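Take a look at the structure set out below.
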Amino acid sequence: MTERQTMKQYAFGDTKRILAVMRPVALAGFALARPTLPPDLLGLAVLYVAAASILSAVQPRSSVLRVFIPVALGLVDVAGLTAAVLHFGPASSVAPLIAACVAGVAGTVIPWGWGVDLGLLGALAYYGSSLVYYTVEQQAAGDSLIAHETAVIALAGGLTAYVVGEWCRLGKMCEAAQSMRRLNAAGEDMVAAQGDRSVISAALSHAAALADADRAWIMVADAEEQLLTLEGQIGASPPRGMATTVPAGNGVAGQVVSSRQPVMIAGGAQNDSRLADLERELTDGHLLAVPISDATDALGVLMVSRQAAKPPFGDADVTVVTMLARTVGAKLQAARLIRDLHQAATTDSLTGLHNHGTFLDHLTERVRRATMIGQETALVVLDLDRFKSINDTAGHAAANQVLKALADVLRQQCRSSDVIGRCGGDEFAVLLPGTGAQEAARIARRAAAALREAGERLALPLPVTASWGIACAPKDARDGEALFRMADERLYGAKSAGGDLVAAPTTPDATPQRLSPLMPEPALRRP
């Protein structure tokens, strides 16, 4: 809904309620003039008020009638007031006008916690002033004139009360429209954000602006670890060395995540016993916490705090911050889904290593870069020996355990900058940037020894060994495909020579080298 549509709905929505207050007040003024009014005129006024009240309560199906009825009744009200003022003069409205201004200012400035209706407040002010005026002036003039002036005052009071009430509610609606614009801007920023950090940063800045908060922070739930972790904050930071996690179920954040309901604490929130130590350090004065959730799960909690000198958070703050939190939840869930899909598309499900296509993409790019700058880059390709026999004799489950053990060995022997992939079946590959052939051969020999030890722990009927082939760019090849082909040829040369061999370009003919069990080896983990 646009702002213009919102204002139109607002203008015709509260009109009937305000006029329903105005008309009985005007009728009461006419009742004061009963001694000098013809009975048929007073009866007509009673019938009009009754009919207007009934029509105001009716909800016609036609949209035209829903607009026409309050407009027509309002025009009749204005016509009656205009006729009375022209007949008796506008001077009678000066005193009650002052009273209405006082009532309007009081209703606007004073935070009426119980929701006093400003239209009713203004109408009562006019009606009270009309009674005072009638009592004072009836000593100096005839009852007829004073009674009619009192009726005019009451009618003018009702109409002015309507204007004051509508004006104040118009201001509130403008504030609501401004909040909606801010929410739309927040949604656009989070849609454009890339990654959880950017989403959380955008959400925090908008949450602080929407709720007029001095501090804001987000805690994200980890279902597996049963923890709530502080992922971002503005306005305050926890002390150095303080843990930034809260056990699930603890603190206000844990309560919000468990119940998926917002929590408000007014004044002195930092002293509330429900707060965890981390929350207490971030809270100042008033506190509002709302859940960040998707359709099924609570993903975390968005918390905002403002100083005690400011008014406490209200229902409007809960509404707007909750809407923002839902947008955050949808964006975080979408980001998680994208990450899961990307991991499923690029990762081998059994070993957790890069799959064949992803590894080849890394190989092509790394070799191209190394060739351009003249940096050595080694590729190790390996294949398990007699893997089919292990699969046939020990079963698929045992064969899968061998593949996982080999993946773990490769992770242990490699740096974080090295690229490891499963290229299919029992064939694996490791890309070692900035590594020469001799260093790659040493790594392969250590990994071969670690693989045999891992196979012994599995207690299989056959030994677990592998054949290894090594090629080095740019000496052996200057592109990824040719480098892989060279390493693969050396691998099959090692396998043809009996397996459990490392074939590296350490000699002109790259003769495979058998690893002796008695050969001393350095520490298994590569620095």
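The values are calculated or read from the model by the stated rules, or taken from the named source; none is laboratory data. Note that the coordinates shown come from a computational prediction; the quantities given were computed from them, not determined experimentally. In this analysis, Cβ positions are derived from the backbone assuming ideal geometry, glycine residues included, and neighbour counts consider all displayed protein chains.
Residues to consider are G329, G357, G352; find the one that is in a helix (DSSP H, G or I) and touching a helix residue (DSSP H, G or I) at 6+ places or on another chain (Cβ under 9 Å).
G357
Residue under question is A345, and the condition is that it be at pLDDT 90 or above and part of a helix (DSSP H, G or I); does it hold? Let's see the steps before the verdict.
On the way: at pLDDT 90 or above: no; part of a helix (DSSP H, G or I): yes.
Here the answer is no, as A345 does not meet what is asked.
Between a first residue in region 429-440 that is closer than 17 Å to A466 by Cβ and a second residue that is among the aromatic types (F, W, Y), which pairs have beta carbons less than 7 Å apart while being 6 or more apart in sequence or on different chains?
A429/F359
Say we look at region 410-426 and pick out the residues that are without any contact (Cβ under 8 Å) to a residue 60 or more places away in the chain and within 18 Å of A504 (Cβ to Cβ); which of these is surrounded by the fewest Cβ atoms within 10 Å (Cβ to Cβ)?
Among them, the one singled out is D418.
The rows are residues; the columns are (1) without any contact (Cβ under 8 Å) to a residue 24 or more places away in the chain; (2) assigned to a helix (DSSP H, G or I).
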| site | (1), (2) |
| --- | --- |
| A450 | no, yes |
| E456 | yes, yes |
| V464 | no, no |
| I470 | no, no |
| F484 | no, yes |
| D488 | no, yes |
| G493 | no, yes |
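So, in region 334-388, how many residues would count as being farther than 15 Å from G421 by Cα, surrounded by 15 or more Cβ atoms within 10 Å (Cβ to Cβ) and under 35 Å from the mean Cα position of the chain (by Cα)?
So the count comes out to 1.
Of the residues in region 361-384, how many are in contact with a helix residue (DSSP H, G or I) (Cβ under 7 Å, 6 or more places away or on another chain), among the hydrophobic types (A, V, I, L, M, F, W, C) and part of a helix (DSSP H, G or I)?
Looking only at that region, the number is 2.
For R260, state whether it is out of contact with any helix residue (DSSP H, G or I) (no Cβ under 6 Å at 6 or more places or on another chain), without any contact (Cβ under 8 Å) to a residue 24 or more places away in the chain and not hydrophobic (A, V, I, L, M, F, W, C).
no
If we scan region 408-416, do we find a residue that is touching a helix residue (DSSP H, G or I) at 6+ places or on another chain (Cβ under 8 Å) and part of a strand (DSSP E or B)?
no
Give the residue, chosen from D297, D284, that is under 20 Å from the mean Cα position of the chain (by Cα) and among the charged types (D, E, K, R).
None of the other options fit; the residue is D297.
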